[in-house]
Amino acid sequence: MKLPQIRMQSTFIQLGLKTIDAKHQIEQPQADLSIRQPLGELTIKTKPGKLYMDAKQCREDIGLTTNKKMMEQNAQKGNAAVMEGIARRISEGNQMMKIENGGNAIQQIGKKYLSKPYRPVWMDFVPKYGSLKMRYEPAELNIHYEAKKAEIDVTPKKPIFTYTRGDVKGEIIRWNDLEISFVNLYA
């Protein structure tokens, strides 16, 4: 026998969530940077070296002297030559005066003038070693350097934040449903 039946079939509601993610962006612009390096200061001071030379003795060795000294030397040589000439003439005069005593005074005087004594060859270095007097003051060099610090100018820039909010939305994927059916009612 078939009994009448009521059949119920239900479907539950099906909910869904739709999410939109939040977006967060950070952008960091580069800072403005300027660097300037000033030139350092360099000072160089020099005191030149000095060479002192006294060549007076060298000039005297080769016969170059001051006018005053040359006149003194020539005056001394002239006085000596005059005295030597006077002495020679006195001696020759005495010899000639005594000619009556016998002797060959004229021949002896003539022979003395004709036969000059042998002079050896002589070599000398002019100017003489050590006659040049020298003195040297060395040069002085002073170097001073002053470094300058670099000038750095930095202007930082703030970061740029961009934020987009996220969202959650509910949605119904399937609605709830109830189906009622009657079976075997008229059997």
Practice problem: Please report, as a whole percent, how much of the solvent-accessible surface of the range 69-169 comes from carbon and sulfur atoms (probe radius 1.4 Å). | Solution: 60 percent
Quiz item: Once both axes come from the Cα atoms, what is the angle between helix 105-114 and the longest principal axis of the chain, in degrees from 0 to 90, rounded to 10?
Solution: 20 degrees
Quiz item: For the chain, what is one quarter of the convex hull surface built on the Cα atoms, given in nm²?
Solution: 34.7 nm²
Quiz item: If you build a Gaussian network model of the chain, linking Cα atoms that sit under 10 Å apart, which residue out of Gln37, Gln107, Gln57 swings the most?
Solution: Gln107
Quiz item: For the chain, with every protein chain kept in place, what is the accessible area per residue (1.4 Å probe, Å²)?
Solution: 96 Å²
Quiz item: With no solvent and one point per C-alpha, what does the Debye sum give as log10 I(q)/I(0) for the range 19-68 at q = 0.20, 0.23 Å⁻¹?
Solution: -0.94, -1.00
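The values are calculated or read from the model by the stated rules, or taken from the named source; none is laboratory data. Computed from a prediction, not measured in an experiment: that's the story for all the values here. Ligands, DNA and RNA are excluded from the accessible area calculation, which covers all protein heavy atoms including side chains. Shrake-Rupley method; radii C 1.70, N 1.55, O 1.52, S 1.80 Å.
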